[in-house]
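The block underneath contains the structure these notes are about, expressed in structure tokens.
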Amino acid sequence: MILGDKMDKRLKTIIEEIDIILEDPSVPKNIRKALSDSKERLVSDDEWNVKISSAVYHINSISEDINMPTHARMQVWTIMSELEALKE
């Protein structure tokens, strides 16, 4: 199941990127909460499309938050792009 392994590796990378933001004390709590919720969805046992769509929904809700530090915003946009690519 090569395709599944490749997808799992990409998902693992996305989760690691989320963890980096979660550990950043300059990121506001509401943003960390949304990212934490997204991470929980990504590691859930739901169907692939359901978990990806749910994670995108949570991250999208904070992607334009004016309190988000610029470096975190760039990371969030990268994560969103990677998740959108996984949906296809």
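The values are calculated or read from the model by the stated rules, or taken from the named source; none is laboratory data. Every value quoted in this text rests on a predicted model; they were computed, and no experiment measured them. FYI the Cβ positions are ideal-geometry reconstructions off the backbone, even for glycines, and counts take in every protein chain you see.
Can residue 63 be described as more than 15 Å from residue 20 (Cβ to Cβ), over 10 Å from the mean Cα position of the chain (by Cα) and in a helix (DSSP H, G or I)?
Numbers: more than 15 Å from residue 20 (Cβ to Cβ): yes; over 10 Å from the mean Cα position of the chain (by Cα): yes; in a helix (DSSP H, G or I): no.
No, not satisfied.
Scan the stretch 30-48 for residues that are touching a Leu at 6+ places or on another chain (Cβ under 9 Å) and farther than 17 Å from residue 20 by Cα and jot them down. Talk me through it step by step, then tell me what you get.
In the first step, residues of the stretch 30-48 are kept if they are touching a Leu at 6+ places or on another chain (Cβ under 9 Å); the result is 32, 35-36, 38-39, 42-43, 48.
Across the stretch 30-48, the qualifying residue is only 48.
Which one is modelled with the lowest pLDDT among residues in the stretch 1-19 that are surrounded by 13 or more Cβ atoms within 10 Å (Cβ to Cβ) and aliphatic (A, V, I, L, M)?
Restricting to residues being surrounded by 13 or more Cβ atoms within 10 Å (Cβ to Cβ) and aliphatic (A, V, I, L, M), the top hit is 7.
In this structure, does residue 33 turn out to be assigned to a helix (DSSP H, G or I) and surrounded by fewer than 14 Cβ atoms within 10 Å (Cβ to Cβ)? Write out each step before concluding.
Working: assigned to a helix (DSSP H, G or I): yes; surrounded by fewer than 14 Cβ atoms within 10 Å (Cβ to Cβ): yes.
Yes: the conditions hold for residue 33.
Scanning for something touching a helix residue (DSSP H, G or I) at 6+ places or on another chain (Cβ under 8 Å) and without any contact (Cβ under 8 Å) to a residue 12 or more places away in the chain, does the stretch 15-32 turn up at least one residue? Can you show your working first?
Taking the stretch 15-32 first, the residues touching a helix residue (DSSP H, G or I) at 6+ places or on another chain (Cβ under 8 Å) are 15, 17-22, 24, 26-27, 31-32.
Among the residues that remain, those that are also without any contact (Cβ under 8 Å) to a residue 12 or more places away in the chain are: 32.
Yes, there is a match, as at least one residue in the stretch 15-32 is touching a helix residue (DSSP H, G or I) at 6+ places or on another chain (Cβ under 8 Å) and without any contact (Cβ under 8 Å) to a residue 12 or more places away in the chain.
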